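Q: Below you will find the structure I want to go over with you.
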Amino acid sequence: MAVQTLTRPAVDTVPVVRAKRESQFDLMWRRFRQHRLALVSLWIVVAFYLVAIFAEFLAPTDPGAYSARYTYAPPQGIQLFSTGEDGSWRLAPHVNGYASEIDRKAMRRTFVIDPEVEIPVQFLAPSEPYLLAGVIPMSVKFIGVTEARAPFYILGADRLGRDLLSRLIHGTRISLSIGLAGVTLSLFFGIIIGGFAGYYGGWFDSAVMRVVEFIRSMPTIPLWLGLAAAMPKDWSALQTYFAITIILSLIGWTELARVVRGRFLSLRTEDFVTAAQLDGASDWRIITRHMVPSFMSHIIAAATLAIPGMILAETALSFLGLGLQAPIVSWGTLLQDAQNIRTLATAPWLLTPGLCVVVVILAMNFFGDGLRDAADPHGR
Amino acid sequence: MLGFIGRRLIAMVLTMWAVSFVAFAIIQLPPGDYLTTYMATLAANGDRVDPATIEALRQQYGFGEPYIVQYWKWISGIVLRGDFGQSFEWKAPVTSLIWGRLGNSILLEGLAVIVMWLVAVPIGIYAAVRKYSLGDYLATIGGFIGLAIPNFFFALILMYLSFIWFGETIGGLFSPQYEAARWSPGRVWDFLSHAWAPVLVLSMAGTAELIRILRANLLDELKKPYVTTARAKGLSEFRTILKYPVRVALNPLISTIGWLLPALVSSSVIVSVVLNLPTAGPLLLRSLTSQDMFLAGAIIMLLGMLTVIGTLVSDLLLAWIDPRIRYGSK
């Protein structure tokens, strides 16, 4: 029988198990990542917002720059390779030039892409100096043509020969930011009003809920139109922008207030809230320190899901001509150009802004759904 | 049931009162009052402004008096005499302008609701019964896209495609020869051949939503033991599903009309503008851009009322079908 010597392990050899704490954010992120579609959507949304931020850098030309020579010029697309005489390929990004024909019957000029003419395209092309996002001085664009007066319409041109791509990029900034601004404002009112209603209950709660129900039972577009039509015509672009944001939030807060109120109601009777109350914490402290953190993720998900509605509403209002006005470029004002069938038949590419709307709305919905599932502590 | 109807009716009257108040607030919003605008238009047209007429109008609408008095004069005219005021752009009473157009709006929205149900119910049932089948995935994807496409954009695409493929423009509700005709089989046919496009556009988002709800409801029901019991008793699969779970799952759908309607009325305004339909929508837009506020206010109010009444109907329908709601506390 072997003698077993019991040795006490030296204290310092014990592997230290470091307690790993996962914050609520880590937990959410882990659950969120399992949701493939939501993850992809997140990147799409991020990409769109990056475009919005770096609009001046990405847009080849100024959104207001027009050229009477190229009205309704069709999309050029962009070719990365150039074919030589002998059929060999070489890397030379270029766009094709236009050959114009006069249509005698319709009395107008139509353009066809001329594959013979190659206009070289340069990435990080030098340009006129400009301010990125209004602050950083720069003099280089993401993409541009090297010849000064060559036509460059990757996605085509509009009625005044303005570059649709540039306008689309600048429109992205306005449309997406108005969605964010509208939701932020709605969230502010929603949390305050819904929070009071949910926390104190009583007559204030029922009054708020009646108002919310009433607003939600009204058809929104007529209401928005009525409010937007009351804006003085001589307001500046910035004033209109903020006015529209406020108009959108006037209805937008209701949904968020309802969500916040519901959360407050269900949390009010939780033990940890009672415990805090018995400890003598003030209402303000209980709300901000104990209750809000426990449902913040849920509220963020609800807010994300509210952004698409805002974007859609702005697009619809501007499309009808009562939202943002001409010098401001948004997806809605861009689509306004595509309103009648004659224009559409000549220049179907003017519908591209609508495509952007659809993609962003889809991505945001999926992203919001994923976020909501991830934020739900009882899910899966 | 009577008590329930009574309660709902009182609630409806209160809501309508609130709607009228909002509509009047919108009438009052633009700077200056109706009368100054009216006089400005008259003067701009070179018409002589008759002081007596102005004074009469001032009396009738109570201009210069407190807000609440003006509101009272406006609303009492509507309730007691059916007088919605004057449209100064059209130089006609508002009533003569809106009823026909409102009728078209109601007709289109009603058709859209019917189409929504006819399409959504079978697809929803199929998607739930054959869960995760190809058809289910297609329905889900279609639903998401249907919800994401703004309806006016869909209308534009439809317009473009029909122009490219068939060489004809869609738009309007009647051909010129049927415009003012009385209803006849020919006119009905003409109407249908025009109305398919707006009805399709209007019903798309709602259909997507209904399919999603019905699928979720039915999936919950299909798991329940009574379905197993029905199967165990040897009922055919078709009868098992249609006779019990589908009926239960349909109930909540009826209440969805309540919140589908505001969206539907909303979207019909903008779709009508795109497709140039003779409904209340384009008239509203025109009156708002020209600040013809009594006309605009009347349309906003009537569209709101329409929604409120629709919601009431759906509530009553639901109470009639589902006794739990009738006898529940509220």
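The numbers here are math on the coordinates, done by the rules we state, and not lab data. Bear in mind the structure is a predicted one, so any value in this text is a computation, not a measurement. We place every Cβ from the backbone using ideal geometry, glycine too, and count neighbours over all the protein chains shown.
Q: Order the peptides B:147-154, B:117-124, A:313-320 from the highest to the lowest mean number of other Cβ atoms within 10 Å of their residues.
A: Details: B:147-154: 23.0, B:117-124: 19.0, A:313-320: 27.4.
My ranking of the peptides, most packed first, is A:313-320, B:147-154, B:117-124.
Q: Roughly how crowded by other chains is peptide B:145-156, in terms of the mean Cβ count from those chains within 10 Å of each of its Cβ atoms?
A: On the way: counts 3, 0, 4, 12, 7, 13, 2, 9, 13, 2, 0, 11.
Averaged over the peptide's residues, the number is 6.
Q: Among A:25, A:264, A:142, which one shows the biggest mean-square fluctuation in a GNM of chain A, springs joining Cα atoms closer than 10 Å?
A: Its mean-square fluctuation being the largest, the pick is A:25.
Q: Per q in 0.18, 0.19, 0.27 1/Å, what log10 I(q)/I(0) does a Debye calculation on the alpha-carbon atoms of the range B:80-150 return?
A: Relative scattering, expressed as log10 I(q)/I(0), comes to -0.80, -0.84, -1.13.
Q: Related question: Ratio of the protein assembly as shown's C-alpha Rg to 2.2 N^0.38 Å, to two decimals?
A: Scaled against compact globular proteins, the figure is 1.13.
Q: Rounded to the nearest Å, what's the spacing between the alpha carbon centres of the range A:164-181 and the range A:273-339? Just the number, please.
A: After rounding, the separation between the Cα centres reads 18 Å.
Q: Quick one: compute the contact order of chain A, relative version, from alpha carbon pairs under 8 angstrom and 6+ residues apart, as a percent.
A: Relative contact order, chain A: 20 percent.
Q: Normalised by the residues of the range B:205-282, what does the relative contact order come to in percent, with Cα pairs under 8 Å and at least six apart?
A: Details: 37 pairs, mean separation 20.4, N = 78.
Dividing the mean separation by the residue count of the range B:205-282 yields 26 percent.
Q: Applying 1/(1 + (r/R0)^6) with R0 = 41 Å to the Cβ-Cβ distance of residue A:79 and residue A:25, what FRET efficiency is obtained, to the nearest 0.05?
A: On the way: r = 45 Å, r/R0 = 1.09.
Calculated value: 0.35.
Q: Per DSSP H run of n ≥ 4, the term is -39500 (n - 2.57); total these for chain A, divide by its residue number, and report the mean residue ellipticity at 222 nm rounded to 500 deg cm²/dmol.
A: -17500 deg cm²/dmol
Q: Which distance in nm do the two modelled labels at residue B:189 and residue B:12 give, with both placed 7 Å along the Cα-to-Cβ direction?
A: The two pseudo-label positions are separated by 3.8 nm.
Q: Taking θ as phi - 60°, what are the ³J(HN,Hα) couplings along the range A:52-64 by the Karplus curve (6.51, -1.76, 1.60), each to the nearest whole Hz, with x for Gly and Pro?
A: Going residue by residue, I get 4, 5, 9, 3, 5, 6, 7, 6, x, 10, 5, x, x Hz, with x marking Gly and Pro.
Q: How many angstrom lie between the Cα centre of the range A:99-151 and the Cα centre of the range B:164-221?
A: 43
Q: What helices does chain B have that are whole DSSP H segments, at least 18 Å long along their own axis by Cα, and with mean Kyte-Doolittle hydropathy of 1.0 or more? It would help to have the intermediate numbers written out before the result.
A: Values: long enough: B:2-28 (39 Å, 1.69); B:67-81 (21 Å, 0.55); B:94-129 (51 Å, 1.65); B:134-148 (21 Å, 1.31); B:151-166 (21 Å, 1.98); B:185-222 (46 Å, 0.62); B:245-275 (41 Å, 1.63); B:293-321 (42 Å, 2.17).
Taking the DSSP H segments of chain B (at least 18 Å long, mean hydropathy at least 1.0), we get B:2-28, B:94-129, B:134-148, B:151-166, B:245-275, B:293-321.
Q: Average partner chain C-beta neighbours within 10 Å, per residue of B:266-273?
A: If you average over the peptide's residues, the count of other-chain Cβ atoms is 5.
Q: While we're on this one: Let me have the relative contact order for the range B:225-330, percent, based on Cα pairs under 8 Å that are six or more residues apart.
A: On the way: 61 pairs, mean separation 29.7, N = 106.
It rounds to 28 percent for the range B:225-330.
Q: Other chains' Cβ within 10 Å of A:303-315 residues: what's the mean?
A: 1
Q: Need one word for the range A:188-283: rounded, prolate or oblate. Basis is the Cα gyration tensor (sqrt eigenvalues a ≥ b ≥ c); a/c below 1.5 gives rounded, then a/b vs b/c decides.
A: On the way: a/c = 4.01, a/b = 2.32, b/c = 1.72.
Judged from the Cα gyration tensor, the range A:188-283 comes out prolate (a/c at least 1.5, a/b above b/c).
Q: Gaussian network model of chain A, Cα springs within a sub-10 Å range: biggest mean-square fluctuation belongs to which of A:72, A:153, A:200?
A: Greatest mean-square fluctuation among the candidates belongs to A:200.
Q: I've got another one for you. Taking square-rooted eigenvalues a ≥ b ≥ c of the alpha carbon gyration tensor, is the range A:26-97 rounded, prolate or oblate, where a/c under 1.5 means rounded and, failing that, a/b exceeding b/c means prolate? Spell out each step's value before the answer.
A: On the way: a/c = 3.68, a/b = 1.69, b/c = 2.18.
It comes out oblate by the Cα gyration axes.
Q: Would you please give the FRET efficiency between residue B:67 and residue B:133, computed as 1/(1 + (r/R0)^6) with r the Cβ-Cβ distance and R0 = 60 Å, to the nearest 0.05? Working shown, then result.
A: Details: r = 60 Å, r/R0 = 1.00.
Step by step, r from the Cβ atoms, then E = 0.50.
Q: Using only Cα atoms, figure out Rg for chain A and give it as a multiple of 2.2 N^0.38 Å. Provide the component values of the computation, followed by the final result.
A: Working: Rg = 28.1 Å, N = 380, 2.2 N^0.38 = 21.0 Å.
Against the empirical 2.2 N^0.38 Å value, I get 1.34 for chain A.
Q: Hey, fewest Cβ within 10 Å first, where do A:362, A:278 land in order? It would help to have the intermediate numbers written out before the result.
A: On the way: A:362 19, A:278 8.
With the sparsest Cβ surroundings first, the list reads A:278, A:362.
Q: Still on this structure, please answer the following. For residue B:86, which sequence-distant residues (separation of 5 or more, or a different chain) have an amide H within less than 5 Å of its own amide H, given hydrogens modelled in the peptide plane?
A: B:94
Q: Something else now. Which cross-chain or sequence-distant (5 or more) residues have an amide H under 5 Å from the amide H of residue A:98, H modelled 1.01 Å from N in plane?
A: HN-HN under 5 Å from residue A:98: A:114.
Q: About its Cα centre, what dipole magnitude does the range B:231-294 give when the only charges are +1 on Lys and Arg Cβ and -1 on Asp and Glu Cβ, stated in debye to the nearest 20? Intermediate values should be presented prior to the final figure.
A: Values: 6 positive and 2 negative charges, 120 e Å.
Rounded to the nearest 20 debye, it is 580 debye.
Q: Check residue B:277: other-chain or 5+ apart residues with amide H under 5 Å from its amide H, H built from backbone geometry?
A: Excluding prolines and chain starts, which carry no amide H, the hits are B:172.
Q: Contour minus end-to-end for residue A:36 and residue A:235, with contour as 0.36 nm per residue of separation and end-to-end as the Cα-Cα distance?
A: Numbers: separation 199, 0.36 × 199 = 71.64 nm, distance 4.50 nm.
Full extension of this stretch gives 67.1 nm more.
Q: Classify the range B:137-186 as rounded, prolate or oblate, taking a ≥ b ≥ c as the square roots of the eigenvalues of its Cα gyration tensor: rounded when a/c is under 1.5, otherwise prolate if a/b is larger than b/c and oblate if not. Intermediate results must be reported in sequence, preceding the final value.
A: Details: a/c = 2.98, a/b = 2.05, b/c = 1.45.
Prolate shape, in that a/c is at least 1.5 and a/b is the bigger ratio.
Q: Sticking with this one: Just from its helices, what would the mean residue ellipticity at 222 nm be for chain B, if runs of 4 or more DSSP H residues each count -39500 (n - 2.57) and the sum is divided by every residue, rounded to the nearest 500 deg cm²/dmol? Write down the numbers at each step before the final one.
A: Values: 14 runs with 259 residues, N = 330.
Theoretical 222 nm ellipticity from helices: -26500 deg cm²/dmol.
Q: Here is a further query. What is the order of B:71, A:70, B:132, fewest Cβ neighbours within 10 Å to most?
A: So the residues, fewest neighbours to most, are B:132, B:71, A:70.
Q: Identify which of A:224, A:253, A:284 has the largest mean-square fluctuation in a Gaussian network model of chain A, with springs joining Cα atoms closer than 10 Å.
A: Looking only at A:224, A:253, A:284, the biggest GNM fluctuation is shown by A:284.
Q: Arranged by the count of other C-beta atoms within 10 angstrom, fewest first, what order do A:20, B:243 take?
A: Details: A:20 6, B:243 12.
By the 10 Å Cβ count, ascending: A:20, B:243.
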